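The values are calculated or read from the model by the stated rules, or taken from the named source; none is laboratory data. Every value quoted in this text rests on a predicted model; they were computed, and no experiment measured them. Methodologically, a virtual Cβ is constructed for each residue, glycine included, from the backbone with ideal geometry; neighbour enumeration extends over all protein chains shown. Just the protein is used for accessible areas: all its heavy atoms, side chains included, with ligands, DNA and RNA removed. Shrake-Rupley method; radii C 1.70, N 1.55, O 1.52, S 1.80 Å.
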Amino acid sequence: GNTGKGDVFRVIARDANTLWTLKYYDKQTKSLIGQGGGLIADAGGFVDLAQSNAPTILTHGYAVWESDKPIQVVQYSCSASWDSSQAFDPFMVTLSPEEQYVTNTVFQFPTNTAFTKHWLQLMVKANTSSPNLETDLTSIMIDGVPVWNHPAVQGPSLLENRMPDGRYWTLLEFTTSGAAHTITSNGQVLFGGYVY
């Protein structure tokens with residue numbers, strides 16, 4: 001199989017002279033893998049993070065994006081022909097800025113039976129200096145089941161997936177279902193997510 005790793009990203013600036021940075025970390029060790037950044041000179045300008053000459057490694061793990069002015073970050077998954085993963089088709093996701101994180105939401109997976117696996121990626125922002133941090137994190141539930149020990153969690157639990165910047169993340173796998181799911185919290189944590 002192919003030995004590619006990572007995805008392509010596009011950073012789009014709303015305003016001229018936008019400075020942006022990227023740091024990406026290993027999912028297991030939490031160590032810094034790589035970093036980048038730059039200046040987008042024009043309003044509406046963009047930069048693509050990709051390699052054009054026989055690439056083998058792109059941005060991977062989990063990434064932390066920051067900027068001094070509003071940006072939009074778009075992720076393009078390269079699919080099985082890139083990294084030999086049979087679980088994903090090519091897809092594009094517009095990443096949610098923390099300003100759009102919520103305390104509660106409803107989500108639903110497609111009902112097409114050609115797709116048997118569905119993933120929910122949750123990114124969580126909590127007050128890491130709060131004496132109630134663990135209580136706040138364990139308050140996040142999907143359909144009344146705590147996310148931190150949900151049976152659909154893939155890999156380490158939410159409590160064990162703290163990023164160096166103090167954010168948390170988790171990945172859950174669901175099967176085909178047309179049912180709507182509800183995510184709730186105690187209101188002291190914010191989260192964003194991606195269904196794919």
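When the residues of segment 161-196 are filtered to those that are of a type in the set (A, V, I, L, M) and part of a strand (DSSP E or B), the one that is modelled with the lowest pLDDT is Val195. Within segment 151-160, is there a residue that is of a type in the set (S, T, N, Q), outside any loop (DSSP other than H, G, I, E, B) and either modelled with pLDDT of 90 or more or within 27 Å of Asp7 (Cβ to Cβ) (or both)? No, segment 151-160 contains no residue that is of a type in the set (S, T, N, Q), outside any loop (DSSP other than H, G, I, E, B) and either modelled with pLDDT of 90 or more or within 27 Å of Asp7 (Cβ to Cβ) (or both). Restricting attention to segment 1-19 and to residues that are exposed (fewer than 15 other Cβ atoms within 10 Å of the Cβ) and not in a strand (DSSP E or B), the residue that is modelled with the lowest pLDDT turns out to be Gly1.
Counting only residues that are in a loop (DSSP other than H, G, I, E, B) and modelled with pLDDT of 80 or more, segment 90-103 holds 5 of them.
Within segment 120-144, being in contact (Cβ under 8 Å) with a residue 60 or more places away in the chain, surrounded by fewer than 17 Cβ atoms within 10 Å (Cβ to Cβ) and either under 27 Å from Arg10 (Cα atoms) or touching a strand residue (DSSP E or B) at 6+ places or on another chain (Cβ under 6 Å) (or both) holds for Gln121, Lys125. When Gly178 is tested against (1) within 22 Å of Phe91 (Cα to Cα); (2) open to solvent by 70 Å² or more (accessible area, probe 1.4 Å), just one condition goes unmet, and that condition is (2).
Scanning segment 20-37 for residues that are in a strand (DSSP E or B), of a type in the set (Ser, Thr, Tyr) and surrounded by fewer than 15 Cβ atoms within 10 Å (Cβ to Cβ) gives a single hit, Thr21.
Considering only segment 38-63, state which residues are of a type in the set (A, V, I, L, M, F, W, C), loosely packed, with under 15 Cβ neighbours inside 10 Å and at pLDDT below 90.
Ala54, Ile57 - these are the residues of segment 38-63 that are of a type in the set (A, V, I, L, M, F, W, C), loosely packed, with under 15 Cβ neighbours inside 10 Å and at pLDDT below 90.
Against the condition surrounded by 12 or more Cβ atoms within 10 Å (Cβ to Cβ), in contact with a strand residue (DSSP E or B) (Cβ under 8 Å, 6 or more places away or on another chain) and within 18 Å of Phe91 (Cβ to Cβ), how does Tyr168 come out, does it pass? No.
Within segment 81-89, is even one residue at pLDDT below 90, open to solvent by 50 Å² or more (accessible area, probe 1.4 Å), acidic (Asp, Glu) and in contact with a Gly (Cβ under 8 Å, 6 or more places away or on another chain)? Checked against the condition, which is being at pLDDT below 90, open to solvent by 50 Å² or more (accessible area, probe 1.4 Å), acidic (Asp, Glu) and in contact with a Gly (Cβ under 8 Å, 6 or more places away or on another chain), segment 81-89 yields at least one hit.
Of the conditions (1) under 15 Å from Phe109 (Cα atoms); (2) of a type in the set (A, V, I, L, M, F, W, C); (3) open to solvent by 30 Å² or more (accessible area, probe 1.4 Å), Leu190 clears all except one; give me its number. Result: Leu190 passes all but (1).
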